[in-house]
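The values are calculated or read from the model by the stated rules, or taken from the named source; none is laboratory data. Nothing here was measured: the structure is a model prediction, and the numbers come from that model. We place every Cβ from the backbone using ideal geometry, glycine too, and count neighbours over all the protein chains shown. Quick note on the areas: whole protein, heavy atoms, side chains included, nothing else; ligands and nucleic acids left out. Shrake-Rupley method; radii C 1.70, N 1.55, O 1.52, S 1.80 Å.
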Amino acid sequence: GYEILSGGYNTVKDLSEGNFSLHETFLDALMQVSPTVKNYRRIGDIVNYQVLLVKEYKSAFSRFSNSENFNAEEIAYFERVYDNLFKQSLRNLDELTSVITANKMRMSDDERLASIDKIYADMQDKLLFLRNFNNNTAVLALQRAKEHNDTRAMRSIYKLNN
């Protein structure tokens, strides 16, 4: 009876260890990043969005800062908006790096691709927000420049010194 019990126990033990090693192999595979994920085109798009975001915000901030149409408080506000947007985009890049780096996160390929898609959509939103913000600010700058020109013209016509 003891031999039967011992043999059965050892069989169950071997099966459970085999099952455990199977689970361990599966979980280890989730730590790896497949070539499909590494070569996903949206990864390059996300990086490109980051480059565009930085270029466009630096260009716009320089243009608005050198403009005489905004006061120091407004320039400081623009700087806070751009800084916040930049920091959020860097968080997206950190998240992307974690998703595509082996041994960082335990995810399936589908989960990794879904996470990359989410980051892509968020970066796209940030770039669209930036462009909309810059366009609205540029329109405001043009309106103010026109007002200044109109005021100067009226002063000139009526020969006012102020």
Inset, instruction - Could you pull out every one of the lysines with an alpha carbon less than 19 Å from that of LYS55, ignoring same-chain neighbours closer than 8 positions? - result: LYS87, LYS126
Legend entry - Largest-first principal axis extents, alpha carbons of region 31-82, Å: 52, 19, 9
Legend entry - Order of exposure, largest accessible area first, which applies to GLU147, GLU111, GLU74 with probe 1.4 Å: GLU147, GLU111, GLU74
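At 20 °C and 1.002 mPa s, grab the translational diffusion coefficient of region 110-162 from Stokes-Einstein with a Kirkwood Rh over Cα pairs, rounded to a whole number in µm² per second.
Values: Rh = 14.5 Å.
Here the translational diffusion coefficient equals 147 µm²/s.
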Legend entry - Phi to ³J(HN,Hα) by Karplus 6.51 cos²θ - 1.76 cosθ + 1.60 over region 115-122, Hz, x for Gly, Pro: 5, 5, 4, 5, 5, 4, 4, 5
Inset, instruction - With all protein chains present, calculate the accessible area of VAL51 using a 1.4 Å probe and round the result to the nearest 10 Å². - result: 70
Legend entry - With eigenvalues of the C-alpha gyration tensor scaled by 5 and rooted, region 74-162, Å: 49, 12, 5
Legend entry - Highest-first arrangement of 59-69, 115-125, where packing means the average Cβ count within 10 Å: 115-125, 59-69
